[in-house]
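Every read-out reported here was derived from the displayed coordinates using simple, explicitly stated rules and does not represent laboratory data. Because the structure is a prediction, the values reported are computed rather than measured. Positions of Cβ are backbone-derived with ideal geometry, glycine not excepted, and every protein chain shown enters the neighbour counts.
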Amino acid sequence: MALPPPDPQFVLRGTGAAVHTLHFSCVGQEPDVPILFSGSENGFIHVWNLKTHRVDMGLDGHGRKSVYYVETMGGKDGLLSQGRDQRICLWDLAEGRTSVTDSVFTENVGFCRCSLLKVAQGRWLMAMAAKALEEVQVLELPSKTSVCTLKPEVGAKLGMPMCLKLWQVDCGSQPLLLAGYEDGSVVLWNLSTQKALSQLVCHQEPVMSLDFDSEKAKGISGSSEKVLSIWSLNEQQNLQVYKIHKLVNPGISDVTIRPDKKILATAGWDHRIRIFGWKKMKPLAVLDYHTATVHCVSFSDHKNPRERLLAAGSKDHRISIWSIYTQT
Amino acid sequence: VLEQFLQEGRVSALMWEVCQQQAQAGSPELQEALLTKLVCLPDHVSNALQGKNPPVFFPQNYFPLLGDAVIQVLQKISDSLRDGMDCSISFVSHVLGKVCIQGRQKEILSVLVPRLTDLTKSDCIWQRICWRLVECVPDRWMEAVVLGFVQRAPGADVLSRLLGNLVVKNKKAQFVVTQKVLLLQYGHTTAVLQNILGYLSLDSLRRALLIKVLQELLETWGSSSAVKHSPPEQQQYISKAILICLSHLKEPEIESCRQELLTSMMEGVKCHLDSNLPQIRHLGMIVAESVSSKINTDGPVLKFEVKLIMKFMSGVEGLEEIKALNQMIHYTNPFVHIAGEEKTICTPWTNSCLYFFCSDDDLIPYDMSEDKELKTKAPVYIRDCIEVLTGSEDVDKWEATVKALESLIRKNPAASREVSVELAKVLLHLEEKTCIEGFVELRQRAQVAVLTTDPVPVAKYLTSQFYSLNYSLRQRVDILDVLVLAAQELSYPKSHGKTKHSSAPKPCIQIIPESDSPKDWRRVVDERIKSKTRRFATSQPQVELASSPNAFSSVAGHFFFPLIQHFDRPLTTFDLLGEDHFVLGRLVHTLAVLMYLAVNTVAVAAMGKALLEFVWALRFHTDSYVRQGLLSCISSILLSVPVERLLEDMTEELLETQSWLGDVMEKDPDGECRRLALQTLLLMENLKKKL
């Protein structure tokens, strides 16, 4: 007899606007508290203290325009945020400061979340949608120098890039980029040659979000239709469709694989968060708490597996925190 | 000395003496005295010795000793019987009875019953002695003895050997066995039940009692007051008794009382399923299933899905009993057979131990049965609603529309006015497509909403449809109800916002803010007046509802007159004055209400006059509901139309009406009509006095 799905462990209220992005930072030792960063539609980035469940700080750096991506750079003292004011801001949060140290003006009015990859101590690569419609630009941070610009072939008609993921097979090897486009295809780019290694049409509708498991060379993408597409990368760096998983209701805004690669979570337009086993895409749970579209899901990076959490941010202004499948 | 007496077994000799004597009619007082002394010896001795009581006199030792003595006496009796001599056993019976009634059944029977069991096994003389023993117990002690035997006997057959046909011969024993133990008490174990019922079934003379017992048990089981008021333990006890009885019944007996069993079972199962306690329901289901399987061996059988059989079965002690009960309960439910052997109760937490596997395949999914497609939302525009209601095949959307319709109409009055008549038509003809809760109310509220939003055209439409062909009675009555509800809504003053209970005004000067708008002049003036008037006493200001123009006054005529117009014109499907007098009654009552709600409107006088003529035409109608309606019409007229207009325009009609009312008050067969006529006459008198 299956158990009913669990309730959220707790719910964070107080953002005052739809939550578009979430990021955990929980690896710190005592006396560091575990922290959750959330970006909302009203332009604020809230820093949530996960012990007291209250906001410690509110960061206002995007001129009240929606923040749709946050990520930490080098622990919880460095933060990167991307907003609809066409800027990517770098923050210094050490010792209680809340200052924007640097910003990148992307000149891009879309919604494509940028992707960060740490290549060396203090150096990152960031891929973002560029000014031109179909292009993706890769910058090196913190120097903000352009590494390359990835342009699809003329006539490829991919549309805007919708989601990006920078990855490398192991530290020190060539970084690669997976990009999902408006026409429903996922393209694998080689950054050094600036050429597309492989292109796969995964969906009929724009790819809303994708995530990739570099160990198993398998990835998953979600779109506005009723399917999740799981694809794999073979030795020749070719993408091929591995499986299609049908959903009950259409629309996926975000998909994330847990760092231990055991389960993944999807954020749905039908207000539900779905959990699947990553190995075989076995549906594990449907978490029904929110009353509006869930915009983002994120897993925490706790060192202790039993403390791991899943956070989901929704249009109903709430962030639900779940503790699920923590015993594996 | 007494100790010695006892130890040398002189007690048995004493009793033997008495028995021999009895056969020759000894003196009863001596016997009585001996009896008392014998049985109450421990108490007397302990009273005398008070603490230095030797152990042999303790009850727990004395009575077994007495039991042994009894056995010895019986032995001697049996020997003497074999020799052909006659002796009476009644003294021994008396002893036994008195001991049992004093509460020492356990001690004495613990010795007696096993010995007697052995002795009566094959020897019929012993059996007869035993029967005689219990039969001679006086009635006043019979219950204790019988209960003692029943509780101690290791099985029904032993009980049968020991008691013989006691229940048939002795009224008291019969009462105890068939009524008291089964129906009045419920503390006995299942073994006792099995003993009794098995005992009843073992002899053909007693089987009649068995059937009677079963019928009584079923009657008790099935009575609704018993189900409601008796404790669950008693109900469980009775259910067990029923099941055991059933197991003993043979086919021909079932044949003879099949019908009664069926009736009582159906009654009983109904009461049980009505109960709020799940255990009562389960008991009902189990018993009903077994009864039905017993009486319908080849027909369809009642089958319930009783998953909690395990708990019931584990209350039945002893594996043999479970097996026996199993045999007669013909379930196909596999749970039952597992019951005795393994008492494993599956808990959900046994699943959690599987969590500690490391591979992905062993992640246990949660229950995802609630994950369904999102429900479709109701349309947001009125025109879309009309489309959905008239054409759509999508039942989810239809349901959502019906539920959302009233609020949509009220929120968008302008849009509703554009399509009001069409919407009213759709709603009037709307049939229930799926099973929604409160469909009738939802439809009515939507109709009222349409009518209040756009009264004149919709009222015109509805009243014209009232007299049209091919509508059902329900629809015509609907029209009337909707008209009344809408009239009510239109005529009541709406409360603007929340009513404030303000406290006493503060005596300080209020600073009037700068304002340029001309609307504030009233407020400014009010405040100036307030600040300049001295108040001597400030009471709690009474909350007055904000007054607003009577929305009903402009449309009252439209509601009223068309309804009166065609009442005497019969149509092929609708004849108000003929067989559809139910609708006529409703119409009359509706007109009364409309008249009442039209108070203070412009058309009220004309309405009153028309209504009086209408009433006059119908005053001798045979249906009392119609007459009551007519009388309430008159009261409404008297209440609503201003007195001056009444007297000016309608004097002759009023006089005629007054005489008619007097007639009704005296001669009408219906009590309600007479009362209403009296009230109306009084109203008339009051009005006349006021002038």
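Amide H to amide H, with H built 1.01 Å from N, A:ASP102 comes under 5 Å of A:LEU90, counting only residues 5 or more places away or on other chains. Remark: mean inter-chain Cβ contacts per residue of A:277-287 equal 4, using a 10 Å Cβ-Cβ cutoff to other protein chain atoms. Within a straight-line Cα-Cα reach of under 20 Å, B:LYS377 can be paired with the following aspartates and glutamates, leaving aside sequence neighbours fewer than 8 residues apart in one chain: A:GLU225, A:ASP270, A:ASP288, A:ASP316, B:GLU387, B:GLU393, B:ASP394, B:ASP396, B:GLU399, B:GLU406, B:GLU432, B:GLU437. For the options A:ALA312, A:ALA196, A:ALA156, a Gaussian network treatment of chain A with springs between C-alpha atoms closer than 10 Å singles out A:ALA156 as fluctuating the most.
Partner aspartates and glutamates whose Cα lies under 14 Å from the Cα of B:LYS180, excluding those fewer than 8 positions away in the same chain, are identified as B:GLU143, B:GLU216. Here r is the Cβ-Cβ distance between A:SER214 and B:ILE364 and R0 is 45 Å; the resulting FRET efficiency, rounded to 0.05, is 0.95. Which shape class, rounded, prolate or oblate, goes with region A:208-322 when its Cα gyration tensor gives a ≥ b ≥ c as root eigenvalues, a/c under 1.5 marks rounded, and past that a/b bigger than b/c marks prolate? In terms of gyration-tensor shape, oblate.
Give the residue from B:PHE567, B:LEU618, B:PRO642 lying farthest towards the positive end of the charge dipole for region B:550-690; charges sit on Cβ (+1 for Lys and Arg, -1 for Asp and Glu) and the dipole is referred to the Cα centre. Towards the positive end, the residue furthest out is B:PRO642. Here region A:20-105 is treated with +1 on each Lys and Arg Cβ and -1 on each Asp and Glu Cβ, and its dipole about the Cα centre works out to around 300 debye. With the simple spin-label model, which puts each label point 7 Å out from Cα in the Cβ direction, the A:LEU133 to B:ARG569 separation comes to 7.0 nm.
A crude spin-label estimate for the pair B:GLN658 and A:VAL11, with each label 7 Å from Cα along the Cβ direction, gives 7.1 nm. Farthest towards the positive end of the charge dipole of region A:20-105, among the residues A:SER99, A:TRP48, A:HIS62, is the Cα of A:HIS62, using unit charges on the Cβ of Lys, Arg, Asp and Glu. Relative to the 2.2 N^0.38 Å rule of thumb, chain A has a C-alpha radius of gyration ratio of 0.94. Ranking A:SER198, A:ALA285, A:TRP124 by how far each Cα lies toward the positive end of the dipole of chain A (charges on Cβ) leaves A:ALA285 at the top.
For B:ARG645 and B:SER223, the difference between the fully extended length at 0.36 nm per residue and the C-alpha to C-alpha distance is 145.4 nm. Here region B:606-691 is treated with +1 on each Lys and Arg Cβ and -1 on each Asp and Glu Cβ, and its dipole about the Cα centre works out to around 260 debye. With K and R counted +1 and D and E -1, the other residues having a Cβ less than 13 Å from that of A:ASP102 yield a net charge of 0. Describe numerically, in nm with one decimal, the distance between label points set 7 Å from Cα along Cα→Cβ at B:LEU205 and at B:ALA414. Using points 7 Å along Cα→Cβ, the separation is 10.0 nm. Net length available on complete extension from A:ARG97 to A:ASP170 is 22.9 nm, with 0.36 nm assigned per residue and the Cα-Cα distance removed.
When a/c reaches 1.5 or more, the comparison of a/b and b/c decides; with that in mind, is region B:124-169 rounded, prolate or oblate per its Cα gyration tensor?
oblate
Label region B:550-690 by shape, choosing from rounded, prolate and oblate, from the square roots a ≥ b ≥ c of the eigenvalues of the Cα gyration tensor; if a/c is under 1.5 it is rounded, and otherwise prolate applies when a/b is larger than b/c, oblate when it is not.
Oblate, because a/c is 1.5 or more while a/b does not exceed b/c.
Translational diffusion coefficient of region A:1-105 (Stokes-Einstein, Kirkwood radius from Cα pairs, 4 °C, 1.567 mPa s): 91 µm²/s.
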